[in-house]
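What follows is one structure encoded as structure tokens, with my remarks underneath.
The values are calculated or read from the model by the stated rules, or taken from the named source; none is laboratory data. Fair warning: this is a prediction, and the values are worked out from it, not measured in the lab. Here Cβ is always computed from backbone atoms with ideal geometry, including for glycine, and neighbour counts include all displayed protein chains.
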Amino acid sequence: MHYQFFHSSKGLLALTLGAGSSSHEIMEESYAQLSRVLQTWPDASKMISALDCLAVITFVGAADLAETELSLKAMWDVIHPKSGSNVGTIRKPRPPVLAAAISAWAFLLTTIGSWRINTDNWKEPIAFLSALLGAEDRAVRMAAGEALALCFELNLLDVSFYEDGDVEYGETGGSKTKLFLDMQALKAKISSLASNLSMEAGGKGADKKNLTDQRDLFQRILDFVKYGECPEESIKVSGKRDVLRVSSWSELIQVLTLPLSLPSS
């Protein structure tokens with residue numbers, strides 16, 4: 001409990017201080033320690049605590065895209081670990097850790113909207129997330145679905161043949177056409193899987209109580225992907241009159257994720 005409270009307090013402190021030099025200092029001091037935790041794979045509760053803390057201190061304290069990318073990579077190495085030259089068996093995260101890592105990754109991804117994005121860099125992550133829509137664990141499927149909805153909102157699956165980046169990244173017309181076709185295939189796959197999950201009968205996954213939540217989530221994702229309907233939700237903050245209204249996947253993910261950083265009793 002002390003371990004979780006320690007890291008939760010760091011995240012809460014950064015959130016309280018807000019963006020600025022103090023929060024950036026907290027991130028610089030904490031990143032190395034938190035990334036080591038994610039590399040050593042302790043028990044699930046410590047992993048989740050470290051993921052939540054890294055997400056919040058980066059969200060508040062990162063100075064630029066490069067710093068955010070470091071944390072995104074640390075989280076992605078948990079989501080999709082790959083064996084190194086001296087590693088025999090690839091470790092796979094337990095479902096609760098995997099769901100938490102995806103949620104933390106998506107939370108940070110909400111901050112990159114204003115930065116330049118090279119679509120080709122996102123093909124592999126999006127393909128892997130789409131595969132997780134078939135995972136046995138319902139929480140993993142739902143976390144992957146929210147992350148993919150955000151990818152659609154950030155236009156990470158869209159390929160333009162007239163981007164200035166064509167010359168910069170040395171892309172030929174043929175490679176751009178292939179990327180376009182690959183992304184179109186991914187869009188079709190995600191739409192099909194979202195449709196199936198929005199109508200799931202309940203036989204997949206042991207947790208039946210969240211089946212309604214899953215159906216609702218993937219119906220909203222399907223409506224967004226097919227018709228551009230943004231999620232609209234009113235969240236009561238305190239009292240009867242204090243209501244926070246969100247109308248995008250970025251806002252929804254941020255609002256749903258931030259409470260995770262608060263210390264538990």
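A few comments on the model shown:
- Remark: Ala63 falls outside the filter, which requires a residue to be buried (at least 18 other Cβ atoms within 10 Å of the Cβ) and either in a loop (DSSP other than H, G, I, E, B) or at pLDDT 95 or above (or both).
- Beta carbons closer than 8 Å, at least 6 apart along the sequence or on distinct chains, pair a first residue in the stretch 245-265 that is at pLDDT below 70 and part of a helix (DSSP H, G or I) with a second that is charged (D, E, K, R) and buried (at least 16 other Cβ atoms within 10 Å of the Cβ) for Leu260/Asp52; Ser261/Asp52.
- Count of the stretch 66-78 residues which are without any contact (Cβ under 8 Å) to a residue 24 or more places away in the chain and either surrounded by 18 or more Cβ atoms within 10 Å (Cβ to Cβ) or among the basic types (Lys, Arg) (or both): 1
- Contact annotation: residue pairs with Cβ atoms under 9 Å, 6 or more positions apart or on different chains, pairing a residue in the stretch 121-134 that is free of Cβ contacts under 8 Å to residues at least 60 places away in the same chain with a partner that is assigned to a helix (DSSP H, G or I) and of a type in the set (Val, Ile, Thr), are Pro125/Ile79; Phe128/Ile79; Leu129/Ile79; Leu129/Ile102; Leu129/Ile190; Leu132/Ile79; Leu132/Ile102; Leu132/Val140.
- Restricting attention to the stretch 109-163 and to residues that are of a type in the set (S, T, N, Q) and over 22 Å from Pro81 (Cβ atoms), the residue that is modelled with the lowest pLDDT turns out to be Ser114.
- Of all the residues in the stretch 228-243, those that are of a type outside the set (Ser, Thr, Tyr) and modelled with pLDDT under 80 number 8.
- The listed residues are Lys208, Lys178, and the only one of them that is within 17 Å of Thr119 (Cα to Cα), surrounded by fewer than 16 Cβ atoms within 10 Å (Cβ to Cβ) and at pLDDT below 90 turns out to be Lys178.
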